[in-house]
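Here is the structure we will look at, set down as C-alpha cells.
The values are calculated or read from the model by the stated rules, or taken from the named source; none is laboratory data. Please read these numbers as outputs of a predicted model, since none were measured by experiment. Cβ coordinates were reconstructed from backbone atoms using ideal geometry, including for glycine residues, and neighbour counts include every protein chain displayed. Heavy atoms of the whole protein, side chains included, go into the accessibility calculation; ligands, DNA and RNA do not. Shrake-Rupley method; radii C 1.70, N 1.55, O 1.52, S 1.80 Å.
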Amino acid sequence: MIEGTAPLIPPITNGSILPKDTIGQTVTAVAAPDSISADEIALYDRQIRLWGVQAQEKIRTANILLINIKALANEIAKNLVLAGVGSITLADHQVVTEEDLGAQFLISEDDVGKNRAEAAAPQVQKLNPRVKVNVLTTNICNAPNENFYAQFDVIIATDLPFASLFALNAGARIGNRPFYAGASHGLYGYIFADLIAHTFVIEREKSNRATSKGAETPTRTVVDIQTKRENGKAIEMVTKQEIYTPLMLAKDSPLSPDITANARRLKKVHPLLTAVRALWEYQRSGLGIDPTHSQADLSAFTKLATEKHKELLLPSDTLTADFLRSFLQNLGSEVAPVTAFLGGQLAQDVINVLGHREQPVQNLMLFDGEESLAPVYTLHSGVQGVVLPILPASGAGAAVVEID
C-alpha cells in the first residue's frame, strides 16, 4: 500500500454491503499491529524459519487482489491465506455453474447460481480466520480510476481472456503494483509475471569467485553486495533488480539471446509457448475467447500458431499437428492436479516477492501436465520505462463484502 494513503475498500463488519459507488472513495484504514505477535510466531513457525520474521511481517500486512475465482484461483487463495497474508479480495462478477463443481473445492452444489466470489469467500475465511476476506461482485476490469489498483500490494488475474488481462496489467502498472496472470487449460497452463522493477536479496555462502556489481542478464542487475559471518562461514547477501515487460509487449517479444543463438536450445523450446502466444493473439484479434471445433476456427488458430512459431525463430518440425490438436482439446477444462501445481507455484512466487527474497519468475512459466515439464522463458521487449494506457472505464461500481 502507498505510504500515507488509506485503502479504497474499507473493512466491513457483519457482512454488510457497501454502496455501489464505493470504488474510488478514500476511507480510513484500520492499522495493523506494529509487529508480529508471539502467537503468530508460533502459528507460522515453520515458514518463519524458512524465510524469516521480516518477510513474514511483510506478508501479514499484504493486501492481495485475486480476480476470477475458478479452480486456479481456489489454489492461489488457499496457499496465500494459509501463509498469513493480511487481506485478500476475491473479485468475480460471474455466478457458479454446475461446470465449476468439477475442479473447485471452495464451492458446493448449494452455491450454483450464486456469485462465485461470494460463494468461495466463507470457505477461504475458514482456512485462516486471521486473514481479512473481501469480495467484489462486479467486473473490476472497468475500475473507474487508477487509484483503485494502487490500494493492493499484488494483483493476480486468472483464467481471463487477453483483453481483460491487458486492462488489468495496464491498471497495475499505472498503480505501480506487481501483476500476475495465470491460466489452466486442462493439462496445460502458464504463469505470467510483470513486477515492473523488482528488487530482491539472494543469501548464499560466499564462494572463491567474487560477485561483481553490474548486469547479469538483459533484465537482471546486481546492485549491492553485503557480507556477514554466520556459524563460522562467510555469507554474502546479494541484492539484485529485475526489469519486467508488460503482457502486451511480452506476447510479441523474442526469446532471450542465449536461446536464439543456439540451434540446440531452439529445438528444445516447448511448443506450448507458441500455443499460448497464439491463443493470446487469437483473443486479441477479436476472433473469440477460445477456438471452437469449427473448421474456420481451427484453421485460423493453426495459422496464428504457425506465424508465432516462425516469429520465435523456432524449427518448424517442433510444432506438430498432434500437439496443437491436444492443446485445443484441453481448452476450457480444469484439471485439479494442474491447477494445484500452478496455484502453488504462483502463490510461492508472490510470497517471495512480498518478502523480497529469492529470484521471482521472469517472466513466463509454462506447464505441460502430460510431460510434467515447467519451463520458464524470458520474453523481454527491451523497451524500458513502458507505461500502458488503461482501457476506458464503464463507470460501473462494485459491491464489497467482508466475511467475518
The residue from 347, 300 that alone is free of Cβ contacts under 8 Å to residues at least 60 places away in the same chain, open to solvent by less than 50 Å² (accessible area, probe 1.4 Å) and not in a loop (DSSP other than H, G, I, E, B) is 300
Q. Just wondering, is there one or more residues in segment 303-318 that are surrounded by 11 or more Cβ atoms within 10 Å (Cβ to Cβ), under 27 Å from the mean Cα position of the chain (by Cα), in a helix (DSSP H, G or I) and small (Gly, Ala, Ser)?
A. yes
Going through segment 215-238 in order, the residues found to be among the hydroxyl-bearing types (Ser, Thr, Tyr) and either loosely packed, with under 12 Cβ neighbours inside 10 Å or at pLDDT below 95 (or both) are 217, 219, 227
- [ ] May I ask you to verify whether residue 193 is surrounded by 24 or more Cβ atoms within 10 Å (Cβ to Cβ), touching a residue at least 40 places away in the same chain (Cβ under 8 Å) and hydrophobic (A, V, I, L, M, F, W, C)?
- [x] yes
Apart from one, (1) surrounded by 14 or more Cβ atoms within 10 Å (Cβ to Cβ); (2) within 26 Å of residue 154 (Cβ to Cβ) all hold for residue 337; the odd one out is (1)
Q) Does residue 152 satisfy the condition of being under 19 Å from residue 283 (Cβ atoms), modelled with pLDDT of 95 or more and in the same structural domain as residue 354 (by the TED database)? A) no
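Could you list, in sequence order, the residues of segment 70-110 that are without any contact (Cβ under 8 Å) to a residue 12 or more places away in the chain and outside any helix (DSSP H, G or I)?
108
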Open item on the list: So for segment 239-249 (the condition being open to solvent by 60 Å² or more (accessible area, probe 1.4 Å) and assigned to a helix (DSSP H, G or I)), does at least one residue qualify?
Closed with: no
